[in-house]
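The values are calculated or read from the model by the stated rules, or taken from the named source; none is laboratory data. Since we're looking at a predicted model, the values are computed, not measured. Glycine also receives a Cβ, built like all others from the backbone with ideal geometry; neighbour counts cover every protein chain displayed.
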Amino acid sequence: MSALLEFDGVCFSYGRKSDEAGFVCDLNFSIDKGEYVAIIGGNGAGKTTTSKLINGLLKPSEGRVTVDGLTTTDHAVSKLAKKVGMLFQDPDRQICKNTVREELAFGLEIRGLAADEIKSRVDEVVSDFGFAPGASPFTLSRGERQMLALASVVICDPEILVLDEPTTGLDYRECMHIMERTRVLNEKGTTVIMICHDMEVVLDFAERIIVMAQGRIIADGDSAGIFRDEDVMRKASVLPPMMIDLSLRLSERADLKDRFGGFSSVDELLEILAKSTSARARS
């Protein structure tokens, strides 16, 4: 069974020089249906360029991008948009209608759905997300506008959801609200690809990480394993999440390595400490 998304020897540059921002080359990876993948790396690593190659906004100068069997160079963005939905970093660049209801209906109208189907879907999403359908989007808070932008993508039922820095400008509550929504969608079968600078969020939600540096992929693997690879983190100019960083620091001591070398969350650390306390009490 073929992958839902495939990059095969993909290169792209906005200009002629390979050291310019946005340059990517020799991208080779595949993502299966139902995966939750994060693409990480420092500024200028090529993450956003890669995301735009996924949905056909950019076409590779070399190689091939295939989305559910469709090559992006051979199909219009409008056709690819039926399979790939994208949540941009700034919701104000995505929202374009005067009311929440109109915003939610917009993508469905473009796709030519019948009026009764549009109404049914909009009513369902309004109820699910708790929106006031007659409200003006630009009277909503930053977090609420981001949620509306997400809902306007989700309502179109894409097979792949691409998130470009979805937590930028949000407080913790808003961030978790957005991210938990993406988790639920993923559990229902939507493939999620997230570009994110917040490594705590990446560790909490992504099962797999693709690491980029200077326009190339330098690592691809499970989240905890990637974050524990100090050489990869250094090359990518990325700091690991706090708990993994603490685990790595503690494991540098020979007397602590066996006990503290493997935790990646507060709960795991507390469990280790509880077992240590219990063992000392018995002795």
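Key figures for this structure:
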quantity: Top-ranked residue in the stretch 100-116 [being part of a helix (DSSP H, G or I), surrounded by 13 or more Cβ atoms within 10 Å (Cβ to Cβ) and among the aliphatic types (A, V, I, L, M); ranked as modelled with the lowest pLDDT]; calculated: LEU108
quantity: Sole residue being among the small types (Gly, Ala, Ser) and either assigned to a strand (DSSP E or B) or over 29 Å from THR66 (Cβ atoms) (or both), chosen from GLY189, GLY225, GLY221; calculated: GLY221
quantity: Single residue of SER141, SER127, SER136 found to be at pLDDT 95 or above, in the same structural domain as ARG101 (by TED's automatic domain parsing) and farther than 24 Å from GLU35 by Cβ; calculated: SER136
quantity: In the stretch 117-159, residue nearest to ARG173 (Cα to Cα) [restricted to those that are surrounded by fewer than 20 Cβ atoms within 10 Å (Cβ to Cβ) and among the polar types (S, T, N, Q)]; calculated: SER141
quantity: Residue within the stretch 167-178 that is among the aromatic types (Phe, Trp, Tyr) and either modelled with pLDDT of 90 or more or not assigned by TED's automatic domain parsing to the domain that holds VAL67 (or both) present; calculated: no
quantity: Per-region count, the stretch 245-266, residues over 23 Å from ASP229 (Cβ atoms) and at pLDDT 80 or above; calculated: 0
quantity: Unique match (being part of a helix (DSSP H, G or I), among the basic types (Lys, Arg), on the phi < 0 side of the Ramachandran plot and in the same structural domain as ASP198 (by TED's automatic domain parsing)) among LYS119, LYS97, LYS82, LYS59; calculated: LYS119
quantity: For ILE178: the one exception among (1) over 24 Å from LYS47 (Cα atoms); (2) assigned to a helix (DSSP H, G or I); calculated: (1)
quantity: Residue ID - surrounded by the fewest Cβ atoms within 10 Å (Cβ to Cβ), chosen from residues in the stretch 218-275 that are among the β-branched types (Val, Ile, Thr) and touching a strand residue (DSSP E or B) at 6+ places or on another chain (Cβ under 9 Å); calculated: ILE218
quantity: Positions within the stretch 66-75 being without any contact (Cβ under 8 Å) to a residue 60 or more places away in the chain and either surrounded by 21 or more Cβ atoms within 10 Å (Cβ to Cβ) or under 18 Å from VAL192 (Cβ atoms) (or both), in sequence order; calculated: THR72
